[in-house]
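Enquirer: One structure coming up, written as structure tokens, with questions to follow.
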Amino acid sequence: MVKDNTAGSKLFDVFLIIFLVGIALLCILPIWYTLAVSLSDNAAASSGRVGLWPVGFNLSSYKEIMGDSKFFNSFWISIQRVVLGAGLNFVIILLMAYPLSKGNKELPFRNVLMWILVFTMLFNGGLIPWYMTVKSLGLINNIWALVLGSSVPVFSVILVINFFRNLPKELEEAALVDGAGPWRMMIQIFVPLAGPVIATVTLFSIVYHWNEFFNGLVLMSTADHYPLQTYIQQMVVVIDANTMTAEQIQRMSELSNRTLNSAKIFIAMIPVLVVYPFLQRFFITGITLGSVKE
């Protein structure tokens, strides 16, 4: 490819770089500001004097969160939820997407099943029937209540269906000639080729299970069963001087709901920020190929 070295092209390149840097800063600055507030003292955060750097640097908010054993318990529950939830999503997405990527000849009533699938994206039974169903199954205060309710991510299923439908038909025909059955074709041919879209929907599942807090709030009756997001969403600064020592009062006076909430938000972001770079290279490919219908 011949590179255009005209003045107009160079000027456009400079503009494009400035624009992209600006977009990157718009994404980074809120995270940085949240960190700065969480590391600032109570007075500075409450009065709005915190900018891009902490004012009155202290780690009181993090000590308050990390010093509670319930924090580590909820962290472990969230890890279990992500592993179980993402694993279950992975299995169900593949088992649904592969047959639904076929035509009506291979899968009778395929179009009817697709309409039912899309219908569930638009409508649901409501909060109370959902809660009563979970309760009748004996899943209250059970980790599986947080996992099974979101075990069929319909949007992800549709992405994988469209990805499978865009794979060359000759691959399946050659496998049939060699005597491969549906299970072998799915496991040995389709799944290895679907790495980008699988990584994409896995990222969706991880982010959802890590960030979701409402189900934990409704389905878990005690804090001992809360996942991390529900736990930190319920944390507030409460100061009862009648039951505290002078040292505890001094420590709590350095906290405010704003600094504590900022620390919660930042801690909650860390796992996703760690995982995302490893899956990001598949993200665009998976979304693009999975969104194109043949």
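Enquirer: Every residue in the stretch 10-35 that is surrounded by 11 or more Cβ atoms within 10 Å (Cβ to Cβ) and either in contact (Cβ under 8 Å) with a residue 40 or more places away in the chain or over 30 Å from Lys264 (Cβ atoms) (or both), please.
Expert: Lys10, Phe12, Asp13, Ile31, Thr34, Leu35
Enquirer: Hey, could you check the stretch 109-134 for residues that are outside any helix (DSSP H, G or I) and open to solvent by 80 Å² or more (accessible area, probe 1.4 Å) and say which is modelled with the lowest pLDDT?
Expert: Asn124
Enquirer: Can you work out which of the residues in the stretch 36-47 that are under 25 Å from Pro271 (Cβ atoms) and either open to solvent by 70 Å² or more (accessible area, probe 1.4 Å) or of a type in the set (Gly, Ala, Ser) (or both) is modelled with the lowest pLDDT?
Expert: Filtering the stretch 36-47 for residues that are under 25 Å from Pro271 (Cβ atoms) and either open to solvent by 70 Å² or more (accessible area, probe 1.4 Å) or of a type in the set (Gly, Ala, Ser) (or both), the one modelled with the lowest pLDDT comes out as Ala45.
Enquirer: Out of the residues in the stretch 49-70 that are among the small types (Gly, Ala, Ser) and open to solvent by 50 Å² or more (accessible area, probe 1.4 Å), state the one that is nearest to Ala223 (Cα to Cα).
Expert: Taking the candidates together, the pick is Ser69.
Enquirer: Further question: Can you tell which of Leu159, Leu139, Leu167 is surrounded by 17 or more Cβ atoms within 10 Å (Cβ to Cβ) and in a loop (DSSP other than H, G, I, E, B)?
Expert: When all the criteria are applied, what remains is Leu139.
Enquirer: Here's something else I'd like to know. Among the residues of the stretch 59-78, is any modelled with pLDDT of 90 or more and in contact with a helix residue (DSSP H, G or I) (Cβ under 6 Å, 6 or more places away or on another chain)?
Expert: Yes, because at least one residue in the stretch 59-78 is modelled with pLDDT of 90 or more and in contact with a helix residue (DSSP H, G or I) (Cβ under 6 Å, 6 or more places away or on another chain).
Enquirer: Keeping to the stretch 128-141, report how many residues are at negative phi and in contact (Cβ under 8 Å) with a residue 40 or more places away in the chain.
Expert: Total satisfying the criteria: 4.
Enquirer: Shifting gears a bit: For Val83, are the conditions met, namely being without any contact (Cβ under 8 Å) to a residue 12 or more places away in the chain and either surrounded by fewer than 13 Cβ atoms within 10 Å (Cβ to Cβ) or part of a helix (DSSP H, G or I) (or both)?
Expert: Yes, satisfied.
Enquirer: Only one of these is in contact with a helix residue (DSSP H, G or I) (Cβ under 9 Å, 6 or more places away or on another chain), modelled with pLDDT under 80, more than 29 Å from Leu146 (Cβ to Cβ) and of a type outside the set (Lys, Arg): Leu279, Leu255, Leu260. Name it.
Expert: The match here is Leu255.
Enquirer: Now a separate question. Does the stretch 38-53 include one or more residues that are of a type in the set (Phe, Trp, Tyr) and in contact with a helix residue (DSSP H, G or I) (Cβ under 7 Å, 6 or more places away or on another chain)?
Expert: Yes, the conditions are met somewhere in the stretch 38-53.
Enquirer: Cβ-Cβ distance below 7 Å, separation of 6 or more or different chains: which pairs start in the stretch 95-116 with a residue that is over 17 Å from Asn166 (Cα atoms) and end on one that is open to solvent by 80 Å² or more (accessible area, probe 1.4 Å) and part of a helix (DSSP H, G or I)?
Expert: Note: no pairs meet the criteria.
Enquirer: Okay, next question. Any residue in the stretch 146-168 that is without any contact (Cβ under 8 Å) to a residue 60 or more places away in the chain sitting within a Cβ distance under 9 Å of a residue that is open to solvent by less than 20 Å² (accessible area, probe 1.4 Å) and part of a loop (DSSP other than H, G, I, E, B)? List the pairs, counting only those 6 or more apart or interchain.
Expert: Listed by first residue and then by second, the contacts come to Leu167/Ser101; Leu167/Ala194.
The values are calculated or read from the model by the stated rules, or taken from the named source; none is laboratory data. Just so it is clear, the model here is predicted, and its values are computed rather than measured. All Cβ positions, glycine included, derive from the backbone under ideal geometry; neighbour counts span all protein chains shown. Remember, those area values only see protein heavy atoms, side chains included, never the ligands or the DNA or RNA. Shrake-Rupley method; radii C 1.70, N 1.55, O 1.52, S 1.80 Å.
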